[in-house]
Amino acid sequence: MRNLVFAFALAALPVATLAAPPPAAEKLSSAPSETAARDEVVGVLEGYKSAIEALDAEAATAYFWPEARVYEQGGVEGTFANYLAHHLGPELLVFNAFAFEGHMTEATVVGDFAYATETYRYRVTFKDPAKLPVERRGVATSVLHKRDGQWRILSYHASSRAPRPAG
């Protein structure tokens, strides 16, 4: 019975759908406009990273749509404004420096939406010299949306863990 349902579903597809290349093949033959869009998306994520490194909460806000949702370390932070007011903003006030290294971004654009994965290491030092620096390996996934010619983050999820000892 399941095979019969599958056969009917397959028969209902337009012929053009069956002849279309698989998504992986489309990704390999990216047109210049797709490359430019990917570069714009990566630029948004780089801008957000730079704002964090500058400890500039106001600049970080520019990379998120007002209704964007943030998820971090297994928690639901809510909108970026809420995340900034109750989590990131207070952290930035006590940091002396926040430095990323080994930052790599993979982004895919599908129309006016994009999704991206970032991997990185970061080191945080504090204004209070009694607090030891924090070093972490991190990963972030983002969904971005383009409106009126501008890309911004719509959903952002980040997590991190202590680096594993060498050896």
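For the range 115-128, 3J(HN,Hα) computed residue by residue from phi via the Karplus equation (6.51, -1.76, 1.60; θ = phi - 60°) reads 10, 9, 10, 10, 10, 5, 10, 9, 9, 10, 10, 10, 5, 6 Hz, glycine and proline entered as x.
Once both labels are positioned 7 Å from their Cα atoms along Cα-to-Cβ, the gap between A59 and Q73 label points is 2.4 nm.
Throughout, read-outs are computed from the coordinates displayed, never taken from laboratory work. Just so it is clear, the model here is predicted, and its values are computed rather than measured. Cβ: placed from backbone, ideal geometry, glycine included. Neighbour counts: every protein chain shown.
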